[in-house]
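Trainee: I'd like to ask you about the structure that follows.
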Amino acid sequence: MSYEATEIQLKSFQKQHKYLKTKLDLGKELLWLTQDECKKVGPNIEETLELVKQALIAHGKKAYEMPAKIGIHPYPDVFYHAMPAYVPDNLACGVKWIECYPRNPKEFNLPQTTGLLILNDITTGVPITVMDSAWLTAMRTPAVTALAAKALHPDATTFGMFGCGIQGVAHVRYIVKTLKKLEKIYIYDIHSETMDQLIEEVKGEITIPIIKVNSPEELVKQSEVVSSATVILKDTLKVVKKDWVGKGQTILPCDLNTFWDPEICYMADKYILDSKEEHELFADMGYFPDGLAPVTCETGEILAGVHPGRTSKNELIVCSNVGISVSDVVMGQAIFSKALQEGIGRKLPL
């Protein structure tokens with residue numbers, strides 16, 4: 001879809017352009033930001049929740065432009081994604097290039113996910129910054145889950161998390177900010193030590209009990225809201241069986257349908273996606289061998305009030321959020337703006 005800016009937005013672009021000219025020699029230099037610099041000036045959890053909410057609402061109101069992510073796959077277990085987006089209300093325009101290599105930590109002592117984000121001046125199109133994109137991705141991903149959980153299941157007292165690595169830790173940190181009635185958090189990972197590390201990392205920060213379970217079945221049956229951040233594979237693992245899932249639950253996968261029996265999506269009373277277009281692209285690539293279940297609406301439409309979301313306590317809802325670049329560029333713009341203001345980063349010639 002395309003989006004034509006309003007007169008008010010055009011004036012904002014021009015104002016931003018004039019400001020940038022006071023900080024950068026536009027067209028001749030850009031600001032380079034490392035991951036540590038992004039962390040230094042980047043938004044905290046509460047600020048990230050607000051920024052991602054703004055991005056999702058823009059998406060829900062169709063006030064954006066974002067073609068579906070495209071990718072390459074040099075190995076069966078890896079992907080590279082190019083993710084452009086334009087969110088006029090946040091003066092954000094750019095593209096994220098990100099890769100995921102699950103083998104990296106063990107085989108090369110390197111991060112599983114690395115990448116870069118490029119932002120542009122909307123008035124002239126010239127690049128204004130290049131920054132690390134792995135950290136902002138790690139921040140915005142659990143924000144989407146937490147915001148969707150609040151919109152779909154605000155009274156939940158139990159939350160379950162599959163995968164206890166970087167994303168698992170972040171999800172636990174974020175979910176307590178939006179589900180205010182939580183009493184217990186259940187976690188599961190195939191590596192017991194990873195569960196221990198999660199508990200240790202958030203110790204003193206999260207006061208409600210975090211309980212290690214012995215099996216995926218136990219976690220699903222104990223939790224009203226469940227999320228998963230494991231791996232994304234074309235061959236569905238079907239770890240979670242359809243018989244374990246019941247009415248009244250909210251399921252929020254970040255890993256397509258890899259971890260879940262695909263039939264669960266068809267069982268759901270509502271099947272919600274952060275981007276229908278992107279899920280259709282994944283389906284064309286073979287990630288949904290049985291095809292997509294009928295789609296109710298998109299996550300942003302719920303946050304924007306365009307769709308009511310849950311309308312009955314007995315509904316089984318699946319809300320799949322694979323990550324959309326409107327969130328990335330909005331996060332990146334906030335990081336860039338603060339870095340410029342505080343004099344963080346290095347100016348590099350174009």
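Trainee: Between HIS59, HIS171, HIS307, which gets the highest mean-square fluctuation from a Gaussian network model of the chain, Cα cutoff 10 Å?
Mentor: Of the options given, HIS307 has the highest mean-square fluctuation.
Trainee: For the range 232-335, count the residues as N, evaluate 2.2 N^0.38 Å, and divide the Cα radius of gyration by that value, please.
Mentor: On the way: Rg = 14.1 Å, N = 104, 2.2 N^0.38 = 12.8 Å.
So the Cα radius of gyration is 1.10 times the expected 2.2 N^0.38 Å.
Trainee: If you place +1 on the Cβ of every Lys and Arg and -1 on the Cβ of every Asp and Glu, how big does the dipole about the Cα centre of the chain come out, in debye to the nearest 20? Intermediate values should be presented prior to the final figure.
Mentor: Working: 37 positive and 44 negative charges, 176 e Å.
The calculation lands at about 840 debye.
Trainee: Taking all protein chains in place and a 1.4 Å probe, what share, in percent, of the accessible surface of the chain do carbon and sulfur account for? Mind showing how you got there, number by number?
Mentor: Details: 8240 of 15620 Å².
Accessible surface attributable to carbon and sulfur in the chain totals 53 percent.
Trainee: Of PHE288, VAL52, LEU252, whose Cα points farthest to the positive end of the dipole of the chain (charges on the beta-carbon: +1 Lys, Arg; -1 Asp, Glu; origin at the Cα centre)?
Mentor: The Cα lying farthest towards the positive end belongs to VAL52.
Trainee: Work from the charge dipole of the range 143-294 (Cβ charges, +1 for Lys and Arg, -1 for Asp and Glu, about the Cα centre) and give the residue of VAL231, ILE211, PRO262 farthest towards its positive end.
Mentor: After comparing all options, I get ILE211.
Trainee: Specify whether the C-alpha gyration tensor of the range 50-153 places it in the rounded, prolate or oblate class, a ≥ b ≥ c being the square roots of the eigenvalues: rounded for a/c under 1.5, otherwise prolate if a/b is larger than b/c and oblate if not.
Mentor: On the way: a/c = 2.06, a/b = 1.30, b/c = 1.58.
Note, shape of the range 50-153 comes out oblate.
Trainee: What residue among ASN257, ASN44, ASN90 has the largest mean-square fluctuation in a Gaussian network model of the chain, using Cα springs under 10 Å?
Mentor: Greatest mean-square fluctuation among the candidates belongs to ASN44.
Trainee: Apply the a/c threshold of 1.5 to the C-alpha gyration tensor of the range 131-275 and tell me whether it is rounded, prolate or oblate.
Mentor: rounded
Trainee: Given the alpha-carbon gyration tensor of the range 1-64, what are the semi-axes of its equivalent ellipsoid in whole angstrom, ordered largest first, with each equal to the square root of 5 times an eigenvalue?
Mentor: On the way: eigenvalues 114, 98, 21 Å².
Each semi-axis is √(5λ); the values are 24, 22, 10 Å.
Trainee: Which whole-percent values make up P(r) of the chain when all C-alpha to C-alpha distances are grouped in 20 Å steps starting at zero?
Mentor: The percentages, shortest bin first, are 31, 58, 11, 0.
Trainee: Now, a different point. Output needed: percent of Cα pairs per 5 Å distance bin for the range 135-216, bins running from 0 to the one holding the longest distance.
Mentor: With 5 Å bins starting at 0, P(r) equals 3, 16, 29, 26, 19, 7, 0.
Trainee: Right, next: Give me the aspartates and glutamates in straight-line cross-link reach of LYS62: C-alpha distance below 14 Å, same-chain residues under 8 apart excluded.
Mentor: GLU4, ASP89, ASP274, GLU277, GLU298, GLU301
Trainee: Now for a different question. Can you give the extra length, in nm with one decimal, that the chain gains between LYS242 and GLU218 once fully stretched, where that is 0.36 nm per residue apart less the Cα-Cα distance?
Mentor: 7.3 nm
Trainee: Still on this structure: In debye, nearest 20: dipole of the range 1-136 around its Cα centre with unit charges on the Cβ of K, R (+) and D, E (-)?
Mentor: Using Cβ point charges on Lys, Arg, Asp and Glu, the range 1-136 gives about 180 debye.
Trainee: Now for a different question. With springs only between Cα atoms under 10 Å apart, run a GNM on the chain and tell me which of GLU278, GLU301, GLU193 wobbles the most.
Mentor: Maximum among the listed residues: GLU193.
Trainee: Is it possible to state the helix-based mean residue ellipticity at 222 nm for the chain, with each DSSP H run of 4+ residues giving -39500 (n - 2.57), the sum divided by total residues, to the nearest 500 deg cm²/dmol? What is it?
Mentor: -11500 deg cm²/dmol
Trainee: Is the shape of the range 95-168 rounded, prolate or oblate, going by the alpha carbon gyration tensor and its root eigenvalues a ≥ b ≥ c, with a/c under 1.5 for rounded and a/b larger than b/c for prolate?
Mentor: It is oblate, given that a/c is not under 1.5 and a/b is not larger than b/c.
Trainee: Taking a cut-off of 12 Å between Cα atoms, list the aspartates and glutamates near LYS247, but don't count ones fewer than 8 places away on the same chain.
Mentor: GLU224, ASP269, GLU315
Trainee: So which lysines pass the test for LYS96, namely a Cα distance under 16 Å, with those fewer than 8 places away in the same chain ruled out?
Mentor: LYS69
Trainee: Looking at this model, which pairs from LYS242/LYS313; LYS40/LYS181; LYS61/LYS150; LYS39/LYS276; LYS180/LYS212 are more than 28 angstrom apart at the alpha-carbon?
Mentor: Flagged as over cut-off: LYS40/LYS181; LYS39/LYS276.
Trainee: Moving on. For the range 208-279, with only Lys/Arg (+1) and Asp/Glu (-1) charged at the beta-carbon, what is the dipole magnitude about the Cα centre, in debye rounded to 20?
Mentor: The calculated dipole for the range 208-279 is roughly 160 debye.
The values are calculated or read from the model by the stated rules, or taken from the named source; none is laboratory data. None of these values were measured; they are calculated from a predicted model. Don't worry about glycine lacking a Cβ; one is built from the backbone with ideal geometry, like all the others, and counts go over all protein chains shown. With ligands, DNA and RNA removed, areas are computed over all heavy atoms of the protein, side chains included. Shrake-Rupley method; radii C 1.70, N 1.55, O 1.52, S 1.80 Å.
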